[in-house]
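Structure, as structure tokens:
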Amino acid sequence: MFEFFTLLINKSQIGLGVEEIGGRATGLFVNPNILGFFSGLSFFFFLIIKKYFKQQNILSIVFMFLSLLCVILSSSRTSMVGIFFGYAITLFYLFQRGNKLESLKTLLGATITLFIAFFLIFNFSSESNLERTIEIGNVVNNGVDGSGNLSGRVNAWISLMNYVTLNPFGTIIPPQLALEESPDSQFIYFLAQGGIILFIIFSIFLYSIFFILKKSKSENFLAVFIFVFISCFTSVPFNSFVISFFLLIVGLCCKVKYNGY
């Protein structure tokens, strides 16, 4: 089936006279990193549903597993790292509050989740996707030089920041259309497009959402924010309709706080 769709897409590209592009399977998404972002948001969404709507416990666990599986299939390293740190925030707050039973349950869930993730990656991933995942460890050990992809992005970011130094109002139009570099970072994207002004506005917007989620005093809502914040470093989630899912979660946070859960 996958081969059929691959040939169909290839034929379509040839017919349109565009450059033939090959990459990771993305399902209904154009970009596999956006698929990973959507799946990561889904993971935390069902984690929240599990906590506040306990009658949906079993279904929430099933959908959390499917969301994690989708992240792995997308091979989005940013989403993998975001889920790891987001879930770590959940554990930190639970241990800090001294809720031993809930902490143990969450720790057990994290351990099982990591085990399943590594099992699936090392047993069912293609060689190229496996190499992408292993690069995360290389970056931890060797910094930016541990990944050719990341070092290339960092060089592009430096070039774009140099451009903004000379053009403080940015490109106005999408920067990848005006410049040779592609800003695979939401922060750098807005900085390059709208200069310092848009960057400051975006920073205030993120802080406002963080303030709203923090007031909920729920570690799960903070975990979602950490996931999105990390995603903004090496991808452009706000350029996709998927970000509306995050805003839906922010609305859910307000509802939970208003109803006094």
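The values are calculated or read from the model by the stated rules, or taken from the named source; none is laboratory data. Just so it is clear, the model here is predicted, and its values are computed rather than measured. Positions of Cβ are backbone-derived with ideal geometry, glycine not excepted, and every protein chain shown enters the neighbour counts. With ligands, DNA and RNA removed, areas are computed over all heavy atoms of the protein, side chains included. Shrake-Rupley method; radii C 1.70, N 1.55, O 1.52, S 1.80 Å.
Which order do you get for LEU114, LEU104, LEU150 if you rank them by accessible area with a 1.4 Å probe, largest at the top? Spell out each step's value before the answer.
Values: LEU114 75, LEU104 110, LEU150 40 Å².
Largest accessible area first, the list is LEU104, LEU114, LEU150.
Shape summary of segment 169-257, radius of gyration then Dmax from alpha carbon positions: 14.3, 46 Å.
Please give the contour-minus-distance gain from SER182 to ILE201: 0.36 nm per residue of separation, less the Cα-Cα distance, rounded to one decimal in nm.
Numbers: separation 19, 0.36 × 19 = 6.84 nm, distance 2.15 nm.
Stretched out fully, the SER182 to ILE201 stretch lengthens by 4.7 nm.
Ligands, DNA and RNA aside, TYR163 has an accessible area near 60 Å² when probed at 1.4 Å. Amide H contacts for SER235 (H built 1.01 Å from N in the peptide plane; partners 5 or more residues away or on another chain; cut-off under 5 Å): GLN186.
Simple spin-label estimate for PHE92 and PHE115 gives 2.6 nm between the two label positions (7 Å along the Cα-to-Cβ direction from each Cα). If you roll a 1.4 Å probe over segment 41-81 with all protein chains in place, what percent of the accessible area is carbon or sulfur? Of the solvent-accessible surface of segment 41-81, carbon and sulfur hold 77 percent.
Roughly how many percent of the accessible protein surface of segment 160-261 is carbon and sulfur, given a 1.4 Å probe and a whole-percent answer?
70
3J(HN,Hα) along segment 187-193: 5, 5, 4, 5, 5, 6, 7 Hz, from the Karplus curve 6.51 cos²θ - 1.76 cosθ + 1.60 with θ = phi - 60°, whole Hz, x for Gly and Pro.
Which FRET efficiency value, to the nearest 0.05, is calculated for LYS215 and ASN239 with the Förster distance at 41 angstrom and r the Cβ-Cβ distance? Each step should come with its number before you reach the end.
Working: r = 28 Å, r/R0 = 0.68.
E between LYS215 and ASN239, to the nearest 0.05, is 0.90.
Which entries of LYS105/LYS214; LYS215/LYS255; LYS105/LYS215; LYS50/LYS105 have Cα-Cα distances beyond 18 Å here? Flagged as over cut-off: LYS105/LYS214; LYS105/LYS215. Using only protein heavy atoms and a 1.4 Å probe, report how much of ILE58 is accessible, in Å² to the nearest 10. Its accessible surface works out to 130 Å², give or take rounding.
Annotation: peptides 169-177, 233-241, ranked by per-residue average of other Cβ atoms within 10 Å with the highest first, follow the order 233-241, 169-177.
Once both labels are positioned 7 Å from their Cα atoms along Cα-to-Cβ, the gap between LYS255 and GLU102 label points is 2.1 nm. Here each label is just a point 7 Å from Cα along the line to Cβ, and for ILE172 and LEU7 those points are 4.9 nm apart. In sequence order, segment 151-167 has phi-based couplings of 5, x, 5, 4, 4, 5, 5, 4, 4, 5, 5, 5, 5, 5, 4, 8, 10 Hz under the Karplus curve 6.51 cos²θ - 1.76 cosθ + 1.60, θ = phi - 60°, and Gly or Pro positions carry x.
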